[in-house]
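Encoded as structure tokens, here's the structure I'll be asking about.
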2 protein chains.
Amino acid sequence: MPRQVDHDERRRQLTDALLRIASTRGLQAVSMREIAAEAGVSLRVVQYYFTNKQALLESGLTELGARMDRRVKQRAAATAGELTPRGVFAAVLGVILPSDEQSRLDSMAWTAYYTAALTDPALAAVGLTLPNALENFLTARLAAAQQAGDIAPDRDPRTEVAGLLALANGLTSSVLSRQRSHEAAIEIIDYHLDRLFGPASTLRPPPG
Amino acid sequence: MPRQVDHDERRRQLTDALLRIASTRGLQAVSMREIAAEAGVSLRVVQYYFTNKQALLESGLTELGARMDRRVKQRAAATAGELTPRGVFAAVLGVILPSDEQSRLDSMAWTAYYTAALTDPALAAVGLTLPNALENFLTARLAAAQQAGDIAPDRDPRTEVAGLLALANGLTSSVLSRQRSHEAAIEIIDYHLDRLFGPASTLRPPPG
DNA sequence: CTTGTATGGATACAGTCGTATCCTAACGCG
DNA sequence: CGCGTTAGGATACGACTGTATCCATACAAG
């Protein structure tokens, strides 16, 4: 066997280059040649590691989902002790909102992909997986919290989750277009969480 | 003077064709030739009535804004008598959400434009005008309602409006991607309006 | 009727796009 | 040491893009 290159690593470099372009100049600025230039390789290399532009695009969307997933886990881990139901929601919704520069860029790319998915079924299949999983996860958590008496019994968990996710997504849009600051968005989220759960506490109260 | 053509009418036809393409196949499918084909005219005609592709795109965005504006006014007019503050909010937020097939198409186009505006300052300037005006309008209305005692005095009108608009936009996204039905979205909006105002009444109660 | 201008048909241009092909250099294995 | 496969450089193809140009026609004004 001749010289071996780590294909996964190469694909990751190219996917990162793609996402840098998509998040700064939009998905319509993404071309095979632009990706090559951004990654500092030749066009042939891009073609060699991805059969299609379509495959490249889907790889970008998958990577975005993986990043979001990583952020949620790392935020959950950063909170010492067990999370309250409210803590779980604050973590997930806080990850959806753009906070630092990198997550702002990722949100830009995510928005671009979301729009593209509206007229591209292949992208829609890949892109809706994470949001649906997120909604189901939060709904299950909220239903459990309701059983435990943490929220009022007359609330419908699925409706509440749908509203909160829509709120977070809408706020993300307004933060990206600089209509609102990150802090203002967080404040609105917290306000709504206060109405759903009691006043704020991220940690589960000590038993007894 | 030779044969005169109504330029405004011609431009309107072309803009409509553009929006039909953008709402069904996305903004990236919009080309001068596609617009010509969709409108049933030659490429030259498109060039003749619009100096630029950029001008054409901005015309499309302006038209979308005008349609939204028309819908709000017509919904307000459809409600007999004077609108309560809640009625105003229900009308505006109800217009943002896609209801019939046409408003779904317009929402698709609007979403495409919104995303494009994130990386195109010229579009952003045109596209943010209406949302900002809407936010200011609703904020003023809500502040007045607060003065009149229609909502609790501890609410911040600007924050409430920002949250409601973000919610409506986020719900629009989820309706477009068929994660949620129009009815479910309306229900969530009504639920949040109930929490802000009292229980639902669109008409102002008779004086005395 | 002639004339000048508004309208639009036909065609061309230089770029850019995704994809395909040809060929060479590098290198692990027998 | 070659042999064969992998990694990529170089180049080309046809399609499509926005824009420009040339020219014909139609029609209102003189």
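Residue A:137 is checked against (1) within 14 Å of chain B (Cβ to nearest Cβ); (2) within 22 Å of residue A:198 (Cα to Cα) and fails just one. What number does that condition carry?
Evaluating residue A:137 over (1) within 14 Å of chain B (Cβ to nearest Cβ); (2) within 22 Å of residue A:198 (Cα to Cα) leaves (1) as the failure.
Still on this model: Being within 16 Å of DNA strand C (Cβ to nearest atom) and either modelled with pLDDT of 95 or more or of a type outside the set (Ser, Thr, Tyr) (or both), is that true of even one residue in the range B:63-70? Steps first, answer last, please.
The first filter runs over the range B:63-70 and keeps only residues within 16 Å of DNA strand C (Cβ to nearest atom), leaving none.
Checking the range B:63-70: not a single residue is within 16 Å of DNA strand C (Cβ to nearest atom) and either modelled with pLDDT of 95 or more or of a type outside the set (Ser, Thr, Tyr) (or both).
The rows are residues; the columns are (1) buried (at least 19 other Cβ atoms within 10 Å of the Cβ); (2) over 30 Å from residue B:141 (Cα atoms); (3) under 15 Å from the mean Cα position of the chain (by Cα).
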site: B:7; (1), (2), (3): no, yes, no
site: B:13; (1), (2), (3): no, yes, no
site: B:17; (1), (2), (3): yes, yes, no
site: B:37; (1), (2), (3): no, yes, no
site: B:74; (1), (2), (3): no, no, yes
site: B:92; (1), (2), (3): yes, no, yes
site: B:97; (1), (2), (3): yes, no, yes
site: B:102; (1), (2), (3): no, no, yes
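Please indicate, with yes or no, whether at least one residue in the range B:98-110 is among the charged types (D, E, K, R), at pLDDT 95 or above and part of a loop (DSSP other than H, G, I, E, B).
Here is the first cut: in the range B:98-110, the residues among the charged types (D, E, K, R) are B:100-101, B:104, B:106.
Subsequent filtering for residues that are at pLDDT 95 or above retains B:100-101, B:104, B:106.
Filter again for part of a loop (DSSP other than H, G, I, E, B), leaving B:100.
Yes - at least one qualifying residue is present in the range B:98-110.
Given the structure, is residue A:160 without any contact (Cβ under 8 Å) to a residue 60 or more places away in the chain, acidic (Asp, Glu) and within 30 Å of residue A:54 (Cα to Cα)?
Details: without any contact (Cβ under 8 Å) to a residue 60 or more places away in the chain: yes; acidic (Asp, Glu): yes; within 30 Å of residue A:54 (Cα to Cα): no.
Judged against the criteria, residue A:160 is not a match.
Continuing with this model, one more query. Filter the range B:10-53 down to residues that are assigned to a loop (DSSP other than H, G, I, E, B) and within 13 Å of another protein chain (Cβ to nearest Cβ) and give me whichever is nearest to DNA strand C (Cβ to nearest atom).
Within the range B:10-53, the subset assigned to a loop (DSSP other than H, G, I, E, B) is B:26, B:30-31, B:40-42, B:50-52.
Those left that are additionally within 13 Å of another protein chain (Cβ to nearest Cβ): B:26, B:30-31.
Details: B:26: 15, B:30: 15, B:31: 10 Å.
Taking the candidates together, the pick is B:31.
Which condition does residue B:109 not pass, out of (1) free of Cβ contacts under 8 Å to residues at least 24 places away in the same chain; (2) more than 7 Å from chain A (Cβ to nearest Cβ); (3) surrounded by 16 or more Cβ atoms within 10 Å (Cβ to Cβ), if it passes all the others?
That leaves (1) as the condition not met.
Please go through the range B:158-183 and pick out each residue that is at the interface with chain A (Cβ under 7 Å from one of its Cβ atoms), assigned to a helix (DSSP H, G or I) and more than 15 Å from the chain's Cα centre (by Cα).
B:159, B:162, B:163, B:174
The values are calculated or read from the model by the stated rules, or taken from the named source; none is laboratory data. Small disclaimer: the values here were computed from a predicted structure and weren't measured. Cβ atoms come from the backbone with ideal geometry, glycine included; neighbour counts cover every protein chain shown.
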